[in-house]
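Chemist: Before I ask anything, let me first share the structure, which is written out below as structure tokens.
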Amino acid sequence: MRYLERERASIKAYLKIGFQVEGTLREAVLVKGVPMDQVVMGLLRSELIY
């Protein structure tokens, strides 16, 4: 799963249910001509918090 770094609320919500930040793709996306970092998140089935 990938999110823009500025989408902090989404990232925080996924961290609460067990997702882990696996890395950051620096300046991976252009938004209105401005380079933005992209956060890559992942979750193993065994890490899911119910």
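Chemist: With every protein chain kept in the model, how would you rank Met41, Met36 by accessible area, 1.4 Å probe, largest at the top?
Modeler: Final ranking, largest accessible area leading: Met36, Met41.
Chemist: If you average the sequence gap of Cα pairs under 8 Å that are 6 or more apart and divide by the length of the chain, what percent do you get for the contact order?
Modeler: 43
Chemist: I need the trypsin sites (Lys or Arg not before Pro) found in the chain, filtered to DSSP loop residues with at most 14 other beta carbons within 10 Å of theirs.
Modeler: Counting only loop positions with at most 14 other Cβ atoms within 10 Å, the trypsin sites (Lys or Arg not before Pro) in the chain are Arg6, Lys32.
Chemist: Given only helices, namely DSSP H runs of n ≥ 4 each adding -39500 (n - 2.57), what is the per-residue ellipticity at 222 nm of the chain, to the nearest 500 deg cm²/dmol?
Modeler: About -5000 deg cm²/dmol.
Chemist: Which of (i) 44, 33, 19; (ii) 39, 17, 10; (iii) 34, 21, 13 is the computed Cα extents along the principal axes in Å for the structure on display?
Modeler: (ii)
The values are calculated or read from the model by the stated rules, or taken from the named source; none is laboratory data. Bear in mind the structure is a predicted one, so any value in this text is a computation, not a measurement. FYI the Cβ positions are ideal-geometry reconstructions off the backbone, even for glycines, and counts take in every protein chain you see. Heavy atoms of the whole protein, side chains included, go into the accessibility calculation; ligands, DNA and RNA do not. Shrake-Rupley method; radii C 1.70, N 1.55, O 1.52, S 1.80 Å.
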